[in-house]
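Beneath this line is the structure, given in structure tokens, with notes to follow.
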Amino acid sequence: MLRIRAILGSSFLLSRERVEQVQKIFQQAFPDLASYADRIPSLLQDPVEHGFRSVLLVAEGAVGRVDGFALALHFAEAKCLFLDFIAVRPDLQGSGLGAALYEATREYAQRCGARGLYLEISPDEPGPTPDAETARENRARLRFYEQLGVRVIEGTDYSLPVGDPPTTALLLFDGLGRSDPLSRAEAVAALEPILTRRFGYVASPEYVKSLIASFRDDPVRFRPLRSKLPEDEIGAVASRRLSERFAIVMTTKHEIHHVRERGYFERPIRAEAIRETLEPTGLFSATASRGHGEAPIRAVHDADLVHYLQAVCGKLKEGRPVYPDTFPIRRPDRRPKTLAVQAGYYCLDSGTPLYRGAYLAARAAADAALTAADEILAGRSVAYAVCRPPGHHAGRRFFGGFCYFNNAAIAARYLSASARVAVLDVDFHHGNGTQDIFWERDDVLTASLHGHPDHAYPYFSGFEDETGEGRGAGANRNFPLARGCDAERYLKSFDQALEWILRGRSDLIVLSLGFDVLRGDPTGSFQLTPDVLRRVGARLGATGLPLLVIQEGGYNVRNIRRGSAAFFRGCAETAPSA
């Protein structure tokens, strides 16, 4: 299945492997310009230095394999893009992949609010292009562009030879489906930064001034079409060629974990409500969850806990759960002998039962989180793992609070091999399991906003003075909030937590998201509206950092629907354009 996605500066560090593949394709496609491939990382990472923002659109035919790319430069002040290079793997030439990449570039330009896309191609006439076969290929390429409404600008000096050795090119303009003409002022406003910032090494100030002066027609004049095309079929920007900015990962395996006893609020309808709400928004493309094995789980959870959950759940009969009822001081030499009684050895409360499907559902939730993490590594700006059961109360050696494996911690540990990671927990309840896992580690920052432990589960952790130990000293922050917390107080604490994370120079944020912060949740006490979550999403999107969202709590279905829509609407308002 072909996927085309955008890699921006904020996701460059997480997409290095794909960028390296792009560089190899570039060197094969443009051997005379092979050294330019070395500049691609700098173009992505340093927009201020270059004077424009670069975007790399990569086409993947298989997971992790780049089959082609388009490199475009965004000149925001001129509301335009310049298509710098487009190429596919040599064995895929003629496959239509180049056309798909160009269509994705048009879609990206439209998302950015651009009014035009500029590009160059070699002349399609025998005179400037002595090689007849090359001229034929250029004519075919131009016919393709004309079908999309792209026009050759004529009546200027742009096609005159420049450089050493001198080269010639046609300047093309793609109006992205617009019907109004291209004014001289708009063309000049676009061409001046393109020439001075992109081609400054060959275009002297005198040349740029002379070339700009050669644009005399207003509106700009286009060369007559050389293809007979129906006008009503020209120029529209096709949608859904470029993958959506946001990925969503769900799995139906969560349905095998359905506890029907009174007081167990964590039910399958929670995930279904999220799917029904977000599917019509058009923000997300669905990604199938992939298995990642047990190794990432064992990287954060004690092997005895993992083995116990697998063993006990495998022996239970359908409809015959085990509820912990005795909680010994956890001494390995005094561990109870029978599996059912051991539940209290590993669990923190009496409200989290072990059911036959709990282990398999928890494994599936961890796989969803890891698949969403892969989407972040591939360049997504936002990836959302709809995890059931949730995870942030599960620690290294214990489970509880409806949580068996800590999905956020598993994903954060997995991502920490590639980037500096911060976990921000905005569930109503303290992320005690996440704090426990990273308590003595400094490779992942952890912060949690939650109901004060004086009145909110899990009661024994989440106090402000808990900041980590050993190597992890200072790498954990808690922001406990009073019963009835309102929007002003909540957002003030959220801003403090986010500022602390940004000071830590994190490359990405893993967000433990709980809709139980909203007014009316049966397990929470805050007085927050969905608009608060919209503002939280907007603040996170505005950081420009990739955001991996892991679903935690939230047990009022109406709040789940309103909260999920509001949060991701906020993200979409401010997140990077791809």
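What follows is calculated from the coordinates using simple rules that are stated; it is not laboratory data. No experiment lies behind these values; they were computed from the predicted model shown. Every residue, glycine as well, gets a Cβ built from its backbone with ideal geometry; the counts of neighbours run over all protein chains shown.
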If N is the residue count of the stretch 3-233, its Cα Rg over 2.2 N^0.38 Å rounds to 0.99
Hey, got the dipole for the chain? About the Cα centre, +1 on K and R Cβ, -1 on D and E Cβ, debye to the nearest 20?
1580
Checked the stretch 246-574 with the C-alpha gyration tensor, a ≥ b ≥ c its square-rooted eigenvalues, rounded below a/c of 1.5, otherwise prolate if a/b is larger than b/c and oblate if not; verdict rounded
So how strong a dipole does the stretch 246-574 carry about its Cα centre when Lys and Arg Cβ are +1 and Asp and Glu Cβ are -1, to the nearest 20 debye?
680
Which one of 377, 366, 457 has its Cα pushed farthest toward the positive end of the charge dipole of the chain, where Lys and Arg give +1 and Asp and Glu give -1 at the Cβ?
457
Using Cβ contacts closer than 10 Å as the measure, can you line up 446, 134 from fewest to most?
134, 446
Burial ranking of peptide ranges 178-188, 473-483 (average Cβ count within 10 Å, highest at the top)
473-483, 178-188
Reachable aspartates and glutamates from residue 492, Cα under 18 Å, same-chain residues fewer than 8 places away excluded?
425, 427, 464, 531
Please give the peptides 400-406, 459-465 ranked by average Cβ packing (other Cβ atoms within 10 Å per residue), highest first, as a rough proxy for protection.
400-406, 459-465
Taking 381, 416, 204 and counting other C-beta atoms within 10 Å, the order from fewest to most:
204, 416, 381
Going from the fewest other Cβ atoms within 10 Å to the most, one would list 48, 237, 421 as 48, 237, 421
Based on the Kirkwood radius over alpha-carbon pairs, what value in µm²/s does the Stokes-Einstein equation return for the translational diffusion coefficient of the stretch 1-46 at 10 °C and 1.306 mPa s?
141
Summing -39500 (n - 2.57) over every DSSP H run of at least 4 residues in the chain and dividing by its residue count gives a helix-only mean residue ellipticity at 222 nm, to the nearest 500 deg cm²/dmol, of -10000 deg cm²/dmol
Taking the Cα centre of the chain as the origin and placing charges on Cβ (Lys, Arg +1; Asp, Glu -1), which of 95, 343, 421 is farthest toward the positive end of the dipole?
343
Write down the Å³ per residue value for the convex hull defined by the alpha carbon atoms of the stretch 22-97.
103
Rounded to a whole number of µm²/s, how large is the Stokes-Einstein D of the stretch 422-506 at 25 °C and 0.890 mPa s, given Rh as the Kirkwood radius over C-alpha pairs?
193
Of all the Cα-Cα pairs you can form in the stretch 497-559, what percent are over 14 Å apart?
61
